[in-house]
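Asker: Pasting a structure here, questions to come.
No lab work stands behind these numbers, since they all come straight from the coordinates. What you are looking at is a predicted structure, and each value in this text was computed from that prediction instead of being measured. Using ideal geometry, Cβ is built from the backbone for each residue, glycine included, and neighbour counts are taken over all protein chains shown.
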Number of protein chains: 2
Amino acid sequence: MNVGIVGLGLIGGSLGLELRSLGHYVLGVSRREETCQLARRQEAVDEASAKLAPLANAEIVFICTPLAVIAPTLEQLLPYLDPETVLTDVASVKMPVVETVSPKWSNFVGGHPMTGTAEQGIAAAQIGLFTETPYVLTPTETTPKAALRQVETVARSLGSQIYFCPPQDHDRAVAWISHLPVMVSASLIAACRSESNPAILELAQQLASFGFHDTSRVGGGNPELGVMMARYNRQELLRSLGQYRQSLDQLMSLIEQEDGQALEQLLQSTNQARPQFFSRKHHTGNPSNTTLGG
Amino acid sequence: MNVGIVGLGLIGGSLGLELRSLGHYVLGVSRREETCQLARRQEAVDEASAKLAPLANAEIVFICTPLAVIAPTLEQLLPYLDPETVLTDVASVKMPVVETVSPKWSNFVGGHPMTGTAEQGIAAAQIGLFTETPYVLTPTETTPKAALRQVETVARSLGSQIYFCPPQDHDRAVAWISHLPVMVSASLIAACRSESNPAILELAQQLASFGFHDTSRVGGGNPELGVMMARYNRQELLRSLGQYRQSLDQLMSLIEQEDGQALEQLLQSTNQARPQFFSRKHHTGNPSNTTLGG
């Protein structure tokens, strides 16, 4: 199959490596000639250029650009595509993408491979990036079944675990487990920095260990990612933050009231709830884990 | 030197192993005969019993019981001690211990070895538990210098990094980097669990990955530890929670106002601030890391 990949970063490049290893012919597109050269050298593409015209031959096109560039990319891309071409994307928020692309291209399926590394860019592209990681597909009522099955088949061939849900469900779920943690964690760092006694701040910095390390990790990450979450998933993020603030207030009031028994119950419930968020890791590939929504 | 250890759990047992390996004679005390037997079998003590009388021969006594048991243990212990005996403890909150012990025993130095493992109890005791980990000593104005130097010397011989500060500074610093993260993290789990749509909660559980894993870790830990923090470090914990809530509110208002620029600045500041909390790991043992307060 001829596969187009627009945007040759970590995800686009890794997708190219995987799909070529599966025998597909990969047409890469990047605005930067340097990136095209690197993609060819890494054998992440069969051909690469800054031009969109070659994608006229693609049966499926993955848009792997940053979210902010999807809309203008789409405007330039659509005139070249065969009407049968299936379009999909890899953005980490789905409502704004689905709302932008669906009215303009019916053969579109929103997608979100939930993978990554600490490194960004084509230089970090690698085989195995999608193995046993979730790949969420977000069809709507108007998504053609054939287009959905085609994207699903490609995603499964990467070794991903496929989940189906409406785009708004995806955005609400990732607000909880991906975007809210960033804001919770960033607020922790910001609060510690606000300590007005420099001797205590220095002591805190010296004594910080695994607990602070883990809880602060995502809040000390790439600022652009946090801004992207707030911009594109604003409504769901604010909803989860509002609920979080209520949970925090409840916990604070138990401590204020010295209600140790209720606090212990609350902490027992979080102790018991946490493993439910990681059950997937114990039975990867089990079809009972596939949520069919939409 | 004859060293007494009251309470043969993970810390008491590991202390015994280390001090015996350094050639000290270790007198262990545990209420439970089974624990005494295990401590002898593990060679964490030279002798062990449920009786406190043998500690009359100790030059230094480490109280390694849970915080809640320190006061009653003290009442029973003091009548046996030689007035020259130096007393110290290993509790993770210092003000309540210092306020309890200091008026009753002048040769007392509060201490907090900041180490641990996932396992508890004498069975998990091990050599190396204190190596290159912080050991905070919290002298007050009335602490005899000789007593402080004696505890410092023993703590240094364990391979720990020694910090000195007043007990209230310790409690404020650990509120920031140890106790606040637990409450922040527990509130995250509690908030996610409050999602009213079961399909979305299930999806969130399935999609949760490293970000949620790390941010939720300490909030899903041992409930008793969280209750202990809230009980014994209540005032400092509430202070840090109040400041945290302000930081959270500020971040939420930037998202509400769609002020991406200010949000990016805030996330850049947390990105830059976080490594300052882990600089110790890069130059362990450097005396410039020792904060002398008190």
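Asker: From A:Ile11, A:Ile5, grab the single residue that is out of contact with any Lys or Arg (no Cβ under 8 Å at 6 or more places or on another chain), free of Cβ contacts under 8 Å to residues at least 60 places away in the same chain and outside any loop (DSSP other than H, G, I, E, B).
Answerer: Criteria check complete, one pass: A:Ile5.
Asker: Just to verify a result, which residue in the stretch A:115-127, among those that are surrounded by fewer than 17 Cβ atoms within 10 Å (Cβ to Cβ) and touching a residue at least 12 places away in the same chain (Cβ under 8 Å), is nearest to A:Gly9 (Cα to Cα)?
Answerer: The selected residue is A:Gly121.
Asker: Select from the stretch A:174-197 the residues that are more than 7 Å from chain B (Cβ to nearest Cβ) and surrounded by fewer than 24 Cβ atoms within 10 Å (Cβ to Cβ) and write down the one among them that is farthest from B:Glu264 (Cα to Cα).
Answerer: Here the residue is A:Asn197.
Asker: In addition: Considering the stretch A:145-173 alone, what residues qualify as being more than 21 Å from A:Val6 (Cβ to Cβ) and more than 13 Å from chain B (Cβ to nearest Cβ)?
Answerer: Hits for the stretch A:145-173 are A:Lys145, A:Ala146, A:Arg149, A:Arg156, A:Gly159.
Asker: Take the stretch A:30-63 and flag every residue that is surrounded by fewer than 15 Cβ atoms within 10 Å (Cβ to Cβ), under 24 Å from A:Val151 (Cα atoms) and either in contact (Cβ under 8 Å) with a residue 40 or more places away in the chain or polar (S, T, N, Q) (or both).
Answerer: A:Asn57
Asker: Also: Could you grab me the full set of residues in the stretch B:32-45 that are within 15 Å of B:Leu17 (Cβ to Cβ), under 26 Å from the mean Cα position of the chain (by Cα) and of a type outside the set (A, V, I, L, M, F, W, C)?
Answerer: Within the stretch B:32-45, B:Thr35, B:Arg40, B:Gln42, B:Glu43 qualify.
Asker: Next up: Only one of (1) free of Cβ contacts under 8 Å to residues at least 12 places away in the same chain; (2) within 22 Å of A:Arg234 (Cα to Cα); (3) part of a helix (DSSP H, G or I) fails for B:Ser279. Which number is that?
Answerer: Among (1) free of Cβ contacts under 8 Å to residues at least 12 places away in the same chain; (2) within 22 Å of A:Arg234 (Cα to Cα); (3) part of a helix (DSSP H, G or I), the lone unmet condition for B:Ser279 is (2).
Asker: May I pose another question? Can you tell me how many residues in the stretch B:198-241 are basic (Lys, Arg) and more than 7 Å from chain A (Cβ to nearest Cβ)?
Answerer: Result for the stretch B:198-241: 1.
Asker: If I go through the stretch B:191-211 residue by residue, how many of them are in a helix (DSSP H, G or I) and either under 23 Å from the mean Cα position of the chain (by Cα) or free of Cβ contacts under 8 Å to residues at least 12 places away in the same chain (or both)?
Answerer: Matching residues across the stretch B:191-211 total 13.
Asker: Give the number of residues within the stretch A:214-223 that are in a helix (DSSP H, G or I) and out of contact with any Pro (no Cβ under 9 Å at 6 or more places or on another chain).
Answerer: Qualifying residue count, the stretch A:214-223: 1.
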